[in-house]
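**Q** Sharing a structure with you now.
The values are calculated or read from the model by the stated rules, or taken from the named source; none is laboratory data. Predicted, not measured: the structure shown is a model, and the values here were computed from it. Cβ atoms come from the backbone with ideal geometry, glycine included; neighbour counts cover every protein chain shown. Protein only, heavy atoms only, side chains kept; ligands, DNA and RNA dropped before computing areas. Shrake-Rupley method; radii C 1.70, N 1.55, O 1.52, S 1.80 Å.
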Amino acid sequence: MYTSKLASDFMKFSGNHLFHYTSFDSALKIISSNTLKFGLFENMNDIAEVKREYFTNIDIEEVELEMKKYKSISFTWDDSNKRGYEIDSLWGYYAQKGNGVCLVFDKSILLTCLENKVKAYHKRIEYLNNYSNVIPLIGNNEEEVSKYISEHVDDLFFTKSVDWKHEHEYRFLLYSFNEEETLFLNNSLLAIILCMPKRDEIEDTLEYKILSKLIDLPILHYKTCLGEKGLFWEGQKLYPVLGRDYNIDI
């Protein structure tokens, strides 16, 4: 069983945390299967990634089929000034308006899992003021288009408009002919964070009881009160301590 000291050590800023916001039901599936599913770009929230504009001499459908071979998993990277779990808009967008879950991962272990894939990439998204989803595909056949896309992975899949900068996205990208792909998590999951903004405590909630039966990991509570944000575990405030992160400021 995890002690409060161990949970506290997990949540110190180290630069080695990745966070994944999701619904409660999806979190149960992730935890039970110990996998994350790679998503299709056609299902993204960013409309510029959902529908791209191409300039090419071959059939657009062939280009789109090639682009669909790229799939991704989105995480949020940690920052000393803005921890990855305290971005309220992400709780709203991706975690059921705060009633979902934020999963905390060990980045180094996750990268080891990703490296087991044949053609995989990972890095932070670069947010651009002059971002454009127009792709000048140079090629007269499917092979040339495939080569062009593979040579411009960074520009095509790791840049977005500055409008999305608040998400601090760290993206895992996979090229695969399979319709569905998953990432085995090994033992990379470090902690589970609940928000549940209308609850002062979470230990008596059904969600907490289900999670505590399912997995032996710290279940933390992210709370906001009068503009102040804090991360708690069993009544202990893990972050910030006296309004600051002692791992950085001392």
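**Q** So which residues in region 55-78 are of a type outside the set (S, T, N, Q) and open to solvent by less than 40 Å² (accessible area, probe 1.4 Å)?
**A** Ile58, Val63, Glu66, Met67, Lys69, Tyr70, Lys71, Ile73, Phe75, Trp77, Asp78
**Q** Let me ask another. Suppose the filter is touching a Phe, Trp or Tyr at 6+ places or on another chain (Cβ under 8 Å) and touching a residue at least 24 places away in the same chain (Cβ under 8 Å); does Val145 pass it?
**A** On the way: touching a Phe, Trp or Tyr at 6+ places or on another chain (Cβ under 8 Å): no; touching a residue at least 24 places away in the same chain (Cβ under 8 Å): yes.
It is false that Val145 is touching a Phe, Trp or Tyr at 6+ places or on another chain (Cβ under 8 Å) and touching a residue at least 24 places away in the same chain (Cβ under 8 Å).
**Q** Within region 167-199, which residues are within 24 Å of Asn45 (Cα to Cα), open to solvent by 80 Å² or more (accessible area, probe 1.4 Å) and of a type in the set (A, V, I, L, M, F, W, C)?
**A** Phe177
**Q** Tell me which strands (runs of 3 or more DSSP E) are completely within region 153-250 and hold 1 or more residues being at pLDDT 90 or above, or say none if there are none.
**A** Hits in region 153-250: 159-161, 169-175, 182-184, 189-194, 219-225, 228-233.
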